[in-house]
1. Could you say which residue among 38, 49, 45, 69 is free of Cβ contacts under 8 Å to residues at least 24 places away in the same chain and closer than 14 Å to residue 251 by Cβ?
2. Given the conditions (1) touching a residue at least 40 places away in the same chain (Cβ under 8 Å); (2) part of a helix (DSSP H, G or I); (3) buried (at least 19 other Cβ atoms within 10 Å of the Cβ); (4) out of contact with any strand residue (DSSP E or B) (no Cβ under 9 Å at 6 or more places or on another chain), and given that residue 324 satisfies all but one, which numbered condition is not satisfied?
3. Taking residue 247, is it surrounded by 15 or more Cβ atoms within 10 Å (Cβ to Cβ), modelled with pLDDT under 95 and outside any helix (DSSP H, G or I)?
4. Please find, among 210, 214, 240, the residue that is farther than 21 Å from residue 165 by Cα, out of contact with any strand residue (DSSP E or B) (no Cβ under 6 Å at 6 or more places or on another chain) and crowded, with 19+ Cβ neighbours inside 10 Å.
5. What number of residues within region 98-116 are in a loop (DSSP other than H, G, I, E, B) and surrounded by fewer than 21 Cβ atoms within 10 Å (Cβ to Cβ)?
6. If you scan region 298-311, which residues turn out to be assigned to a helix (DSSP H, G or I) and under 23 Å from residue 55 (Cα atoms)?
7. Scan (1) surrounded by 23 or more Cβ atoms within 10 Å (Cβ to Cβ); (2) within 22 Å of residue 111 (Cβ to Cβ) for the single condition residue 164 breaks and write down its number.
8. Taking the residues in region 284-301 that are touching a residue at least 24 places away in the same chain (Cβ under 8 Å) and closer than 17 Å to residue 266 by Cα as candidates, determine which candidate is surrounded by the fewest Cβ atoms within 10 Å (Cβ to Cβ).
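The values are calculated or read from the model by the stated rules, or taken from the named source; none is laboratory data. All values reported here derive from a predicted model rather than from experimental measurement. All Cβ positions, even for glycine, are placed from backbone atoms using ideal geometry, and neighbour counts span all protein chains on display.
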């Protein structure tokens, strides 16, 4: 990993292969699985798409180093270092985790290893881990993420080194204000939205996944009402240009780079299916009856995916979320 971090742009191009196009840039290592698709968004902000079904990452670069929203699988961290070095001659110095889902924090430990630490660079010149001692990168997440990691026995090396517990957390990197918003009880109880304010780019994590139904994790504190609230918050932060084209760019947890109109469609889908399930509950229907009625059927072609919850599982999550709300 150290040699990848230290490599120059020229060496990266020779060893890894860099293919430039008008809208995307793909950096490939020696094996096909070590490939990121890089989608330039605006200024020095990019969407990184790992191979397979890895979660989308958001990258901002500049003189303070690189800010990364979420981390890829640990096996991809050397490629990530090489990619960031190749794009901007920088290294990752600050990470925001949007979720407790391993797909969004699989590379935390690899990024935070002390051997990558460079004094004087990044948001904190010498951030500390929960174990003590310098780390390569500061990692920010909501306190519920850390609580869940401790409860689930995750390795301490992967823990966030900076927690926040208020509704928002803001900081500045590379001359840009970055605001992190807690989305309580959405997909989980620890979800975050990350807004790059002057670049007008919003990373949503799995609150918004336009290629699949949302994975509402009730056991982790998620709820359908909290998810709808979070999607409405996304819409409050996004501003379109004329005719709903352009404007704020939205980086989803999975799926395509989006704009406000895409999020409106997704939010409306969740609300409509929620309302259908709620009406069937009020009519005295059981979960099996509701699933048999297929309240999501007109959306299945667009959102049913092998990578996400099946329609019946999504309907069940809504049902159980509504039932739990009634008993409170």
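1. 49
2. Unmet for residue 324, out of (1) touching a residue at least 40 places away in the same chain (Cβ under 8 Å); (2) part of a helix (DSSP H, G or I); (3) buried (at least 19 other Cβ atoms within 10 Å of the Cβ); (4) out of contact with any strand residue (DSSP E or B) (no Cβ under 9 Å at 6 or more places or on another chain): (3).
3. yes
4. Going through 210, 214, 240 in turn, just one is farther than 21 Å from residue 165 by Cα, out of contact with any strand residue (DSSP E or B) (no Cβ under 6 Å at 6 or more places or on another chain) and crowded, with 19+ Cβ neighbours inside 10 Å: 214.
5. Narrowing region 98-116 to residues in a loop (DSSP other than H, G, I, E, B): 98-101, 106-107, 112-113.
Restricting the remaining residues to those that are surrounded by fewer than 21 Cβ atoms within 10 Å (Cβ to Cβ) gives 113.
Looking only at that region, the number is 1.
6. Residues of region 298-311 that are assigned to a helix (DSSP H, G or I), as a first pass: 298-303, 311.
Passing the criteria: 299, 300, 301, 302, 303, 311.
7. Condition (1) is where residue 164 drops out.
8. Ranking the candidates gives 299 first.
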